[in-house]
């Protein structure tokens, strides 16, 4: 048995129309993914302000994943296209500042892709577990 | 008074650092002088004043005051204070020594600020006479003699020797610790240097700046002067001048929600900021002109009003070299003062 | 040294002022020394003659002042703009921050501005006077018998060494000859950082940003930062802070600040010029500019009025975020 096994805290921003429904489907189909993933439902992936991502890290997240409808399928026509540009620049900047690039991810998950949701989360959690605790974007005041 | 040759300075620093944290002015990688915690290899930099004064060693930019935790309808208050370590600051200029006197007036008068007082009790200040003042220096305007820097120990660097003169009991105790590196010296040995500095100060471009027209009782005369509008025109409303100022002492107290409790802390504040001293009814000073006026009136009128004529500026020149738009206290004094 | 003389600028401004075409003149005012220049509004010819300056220390970008100075008053303001300042001017117009009709732009050619910090690194403190010659500055100090002669290129500010354009993109009147858009090496430093390892980058930025004292000078001088109430000043925002309590907040502030001006930043370099702690803030903005150029095509904010910023635009085949970050490493 491993002692002090690292359990990462993952924040997943999921859009209401696709990815959140995808997570629901994963549940209905009894597909398992780690309970370390905390889902925050947003009306559209483009609701995710770069500040949300940073704030999640501040409050102790070890990884942040943003899930939305596949490009072209946005409930609001074009929201996820903006998300894509915004997160591209944000992730690139975080990488530039020396924050591990594996800690942030964008995935497109539709309402029909319960299996993809589960496998994406499983994969992301295992990557973050390998990477270890978020040290470079931590706020020591927020440690318990 | 004692003296020792400059080569021994690292040995002296090592000796002091054995019993206390030692801070000395050292060049950072941009070649700017900053107070740096001494460790083996930290080099004392040449004769310039530091980018920012020693203020934050006594009054840090942010400081936790206490913490709160809520559980089962109870709020627990946690005292986060830690006893300060003993520390020594070397190389404090006369202007910065004076600035601590000004901060003392604020923090050590009733009600006494225990956080500041604790650091003050644990800190020994070794001053250093200026050898090469900058063109922006105007400490003599406020009656400060850079050749007599004061504090616990006064130090002069003359040619290849340091002269240390203890001024307080704590200073004498420290001199005893480094006794084996020093030889006795006569006060007359630094007279020449003092003379040289005094002559030098008279040659500075701002040497003739006068405090005429400012000080106690000048509030009504200066407050409504129309020049304030013009003077404040270029001001960006940033806090550079306040944060590099060794005497600016305003702070804000804020709560930070950590997600599992609250930390109450204080941090430097700037009267240049739009939400400075913001209260339930809004803000006292809504325009940039009012905020700009506040800073200079505080230093040149309100502070002396409440402190027997002691001005709230020490003429260190930092705001002059750091202001993004080069608007500073000297320009204000020349515009509004009794003589130009 | 600047090729256009101060007298020529004063003459032009005085004519426009006296003929009533402009109400006042936004320019640079001399200070106590030869280098501490303050942006100023001049209203009479006498003021101009007494105090106006045009020299190698007129680095301040005057375009942002138009936002406040054009409000609530009639008539035109004459503003002197260097080539890089004209980009900021256009960007402000793009964002409808003031009325174009209220400004009378006189384009001033610029030979690059000197950096007083670089000069002080050479001469040390105690500068008593600075004389401008053709290719050198002649600096007298309180401590040297003879003036110290320094070649311009040694003390040219970083942003001018990497000048992107000598061409004015907007003006009502041009003094002298207009220049060209230049091939600059302004992304070299960014590339150097990109080539470091993740740990090295972290160390580098940690070292730079930890010096931040949160004076907000970078934000307050920035012509792209014209929000009525900044999120960092707003107690309701949850991120308002007057001092960076720890390394997270230092990063939060600078990432968000740079991000907020991404796609709008013209790379005028004012943020780095004013930083009292000498943090190379332009390297954050330039990273965004470089990424935008690479991912979404060349884009120069402020080149034309009314250009759509790449961050409020998209194409259906944009690069995926994780692919973009991974691609650089491969």
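Odds and ends about this structure:
- Counted residues, the stretch C:253-282 - those being in a helix (DSSP H, G or I) and more than 14 Å from chain B (Cβ to nearest Cβ): 7
- Residue B:22 vs. criteria under 15 Å from residue B:92 (Cα atoms) and either within 14 Å of chain C (Cβ to nearest Cβ) or in contact with a strand residue (DSSP E or B) (Cβ under 6 Å, 6 or more places away or on another chain) (or both): yes
- Residue-level check: of (1) touching a strand residue (DSSP E or B) at 6+ places or on another chain (Cβ under 7 Å); (2) within 27 Å of residue B:242 (Cβ to Cβ); (3) surrounded by 19 or more Cβ atoms within 10 Å (Cβ to Cβ), residue B:134 misses just (1).
- Of all the numbered requirements in (1) within 20 Å of residue B:145 (Cα to Cα); (2) exposed (fewer than 15 other Cβ atoms within 10 Å of the Cβ), residue B:253 misses one, and that requirement is (1).
- Condition check for residue C:243: touching a strand residue (DSSP E or B) at 6+ places or on another chain (Cβ under 8 Å) and assigned to a loop (DSSP other than H, G, I, E, B): yes
- Count - residues of the stretch C:197-230 that are within 8 Å of chain A (Cβ to nearest Cβ) and surrounded by fewer than 22 Cβ atoms within 10 Å (Cβ to Cβ): 8
- Counting only residues that are under 22 Å from residue B:101 (Cβ atoms) and at the interface with another protein chain (Cβ under 7 Å from one of its Cβ atoms), the stretch B:258-280 holds 2 of them.
- For the criterion of being over 27 Å from residue C:228 (Cβ atoms), under 22 Å from the mean Cα position of the chain (by Cα) and within 12 Å of another protein chain (Cβ to nearest Cβ), residue C:124 fails.
- The residues of the stretch C:85-108 that are part of a loop (DSSP other than H, G, I, E, B) and touching a strand residue (DSSP E or B) at 6+ places or on another chain (Cβ under 8 Å) amount to a single one, C:108.
- Near pairs, Cβ below 9 angstrom, 6+ apart or cross-chain, from the stretch B:173-198 (farther than 30 Å from residue C:142 by Cβ) to any residue that is assigned to a loop (DSSP other than H, G, I, E, B): B:174/B:20; B:174/B:152; B:175/B:182; B:184/B:1
- No other residue among B:197, B:158 is within 13 Å of chain C (Cβ to nearest Cβ), surrounded by 13 or more Cβ atoms within 10 Å (Cβ to Cβ), under 17 Å from residue B:127 (Cα atoms) and out of contact with any strand residue (DSSP E or B) (no Cβ under 8 Å at 6 or more places or on another chain) apart from B:197.
- Scanning the stretch B:209-222 for residues that are in contact (Cβ under 8 Å) with a residue 12 or more places away in the chain and either in a helix (DSSP H, G or I) or facing chain C (nearest Cβ under 9 Å) (or both) yields B:219, B:222.
- Residue B:209 falls short on exactly one of the conditions (1) more than 23 Å from residue C:67 (Cα to Cα); (2) modelled with pLDDT under 95; (3) assigned by TED's automatic domain parsing to the domain that holds residue B:313, and that condition is (3).
- Filter result (surrounded by fewer than 22 Cβ atoms within 10 Å (Cβ to Cβ) and part of a helix (DSSP H, G or I)) within the stretch B:223-241: B:223, B:227, B:228, B:229, B:230, B:231
- Given (1) surrounded by 19 or more Cβ atoms within 10 Å (Cβ to Cβ); (2) touching a residue at least 24 places away in the same chain (Cβ under 8 Å); (3) not in a loop (DSSP other than H, G, I, E, B), index of the condition residue C:328 fails: (1)
- Test set (1) under 21 Å from the mean Cα position of the chain (by Cα); (2) more than 27 Å from residue C:265 (Cβ to Cβ); (3) buried (at least 19 other Cβ atoms within 10 Å of the Cβ) - residue C:130 fails condition number: (1)
- Candidate set: the stretch C:311-325, residues that are part of a helix (DSSP H, G or I) and more than 7 Å from chain A (Cβ to nearest Cβ); chosen: the one farthest from the chain's Cα centre (by Cα): C:323
- Of the residues making up the stretch C:174-222, just one is within 22 Å of the chain's Cα centre (by Cα), without any contact (Cβ under 8 Å) to a residue 12 or more places away in the chain and assigned to a loop (DSSP other than H, G, I, E, B), namely C:183.
- Residues being more than 14 Å from every other protein chain (Cβ to nearest Cβ) and more than 26 Å from residue B:279 (Cα to Cα) - total across the stretch B:223-257: 1
- Residue in the stretch B:166-179 that is in contact with a helix residue (DSSP H, G or I) (Cβ under 8 Å, 6 or more places away or on another chain), in a helix (DSSP H, G or I) and surrounded by fewer than 20 Cβ atoms within 10 Å (Cβ to Cβ) present: yes
- Scope the stretch C:36-84; condition in a strand (DSSP E or B) and either closer than 26 Å to residue C:119 by Cβ or more than 11 Å from chain B (Cβ to nearest Cβ) (or both); matching residues: C:38, C:39, C:40, C:52, C:77, C:78, C:79, C:80, C:81
- Whichever residue in the stretch B:312-337 is farther than 17 Å from residue B:207 by Cβ and more than 9 Å from chain C (Cβ to nearest Cβ) and, among such residues, is surrounded by the most Cβ atoms within 10 Å (Cβ to Cβ): B:312
- Taking the stretch B:29-111 as the region of interest, the strands (runs of 3 or more DSSP E) fully inside it that hold 1 or more residues being farther than 20 Å from residue B:16 by Cβ are B:62-71, B:74-79.
- Some residue of the stretch C:162-174 being buried (at least 17 other Cβ atoms within 10 Å of the Cβ), within 12 Å of chain A (Cβ to nearest Cβ) and either at pLDDT 95 or above or under 24 Å from residue A:50 (Cβ atoms) (or both): no
The values are calculated or read from the model by the stated rules, or taken from the named source; none is laboratory data. All figures in this text were calculated on a predicted structure; none of them were measured in a lab. Note that each Cβ is placed from the backbone with ideal geometry, even for glycine, and that neighbours are counted across all protein chains shown.
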